[in-house]
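Here's the structure, in structure tokens; my notes come after.
The values are calculated or read from the model by the stated rules, or taken from the named source; none is laboratory data. A quick note: this is a predicted structure, and the numbers were derived from the prediction, not measured. When we count neighbours, we look across all protein chains shown, and the Cβ atoms used for this are built from the backbone with ideal geometry, even at glycine.
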Ligand SMILES: Nc1ncnc2c1ncn2[C@@H]1O[C@H](COP(=O)(O)OP(=O)(O)OP(=O)(O)O)[C@@H](O)[C@H]1O
């Protein structure tokens, strides 16, 4: 049986449905990301699991228990949000200790658990600091320690890194992964950043307008998108309706409604088609070309050494074997 199970979940605000018939399962110790654009229902789903929003229909089960009707404070679920929501007048130690004090954990054991939590997030030296005297990344680590020190049955993280600068985000990403492994805690992670989801997750659930569009391992959703929406979201920038796609691609997957190519799959400088260079951008590792073609605009990456000036014609190819065959849902 799954450790966390959402079954036929319907969630709404007033008369406006936000999530429809959501079914999702997570194994114990899994890190699952909910990935999707703004407004697709990620936060709403998290709020329902946390007990902050009552479902209109459906069930939520955790560790074999139906928690659909259980009040939020009895679910044993840890939450970390985008805003760290630390108590500004409490030190790092006291922020982490807060939940344990509420649970009347005896002093000696409390001190031991808080110190261990601070150690795990690498903040032993900062125990007596106030949030105002810590960096964003350190504050977020306090928020994390505060969430897992109560030994929750499930940890929900809603865009926890989005207030951090790009470099720190990447650092915290691998730290989170290490932490999750070390604690063995089941995590549900909300993000709209596909790179973050790919780097962190055991499994990714791609959501669109309140529904699951595709789920699978990071490699599944990145390398084998099944719908135009997922392909577009995962950076398959060249998306063609089947009727406009090269015949060789159509012959490989006659049922597909669309085909997509990643920019690095497009061959520039050789091939049976001709396009015009509309724009050329130097991106460091490679050169990005925007081509005007009979298929519409095509984006391609080529080695930096290759030089086709703007306005010139260039041959190109959309190799059938590098195409993702897609089905519009
Ligand atoms: N408090 C609310 N009252 C009314 N409608 C809401 C409320 N919160 C969210 N919604 C609506 O519910 C839908 C899902 O929103 P939700 O916040 O779950 O999306 P999200 O995927 O988490 O987006 P984001 O990445 O922007 O946080 C949206 O259509 C949104 O407008």
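A few comments on the model shown:
- Cross-chain or 6+ apart pairs with Cβ under 7 Å, the range 307-329 first and more than 18 Å from residue 261 (Cβ to Cβ), then outside any strand (DSSP E or B): 329/227
- Scanning the range 196-218 for residues that are assigned to a helix (DSSP H, G or I) and within 16 Å of the ligand (Cβ to nearest atom) yields 196, 197.
- Residue match in the range 265-276 (condition: in contact with a helix residue (DSSP H, G or I) (Cβ under 7 Å, 6 or more places away or on another chain), at pLDDT 95 or above and not in a helix (DSSP H, G or I)): no
- Residue match in the range 65-72 (condition: in contact (Cβ under 8 Å) with a residue 40 or more places away in the chain and crowded, with 21+ Cβ neighbours inside 10 Å): no
- Some residue of the range 44-59 being closer than 24 Å to residue 138 by Cβ and away from the ligand (no atom under 16 Å from the Cβ): no
- Residues of the range 7-16 classified as within 30 Å of residue 181 (Cβ to Cβ) and either without any contact (Cβ under 8 Å) to a residue 40 or more places away in the chain or within 14 Å of the ligand (Cβ to nearest atom) (or both), total: 1
- Residue among 81, 148 that alone is at pLDDT below 95, under 17 Å from residue 180 (Cα atoms), surrounded by 14 or more Cβ atoms within 10 Å (Cβ to Cβ) and within 16 Å of the ligand (Cβ to nearest atom): 81
- Selection within the range 152-168 - within 16 Å of the ligand (Cβ to nearest atom) and outside any loop (DSSP other than H, G, I, E, B): 156, 157, 158
- Members of the range 17-32 that are buried (at least 16 other Cβ atoms within 10 Å of the Cβ) and more than 16 Å from the ligand (Cβ to nearest atom): 25, 26, 30, 31
- For the range 277-290, a residue qualifies if it is assigned to a strand (DSSP E or B) and in contact with a helix residue (DSSP H, G or I) (Cβ under 9 Å, 6 or more places away or on another chain), and the qualifying residues are 288, 289.
- Residue, surrounded by the fewest Cβ atoms within 10 Å (Cβ to Cβ), within the range 176-195, restricted to residues that are in contact (Cβ under 8 Å) with a residue 40 or more places away in the chain and assigned to a helix (DSSP H, G or I): 182
- Taking the criterion of being closer than 19 Å to residue 202 by Cα and within 7 Å of the ligand (Cβ to nearest atom), the residues of the range 34-43 that qualify are 36, 42.
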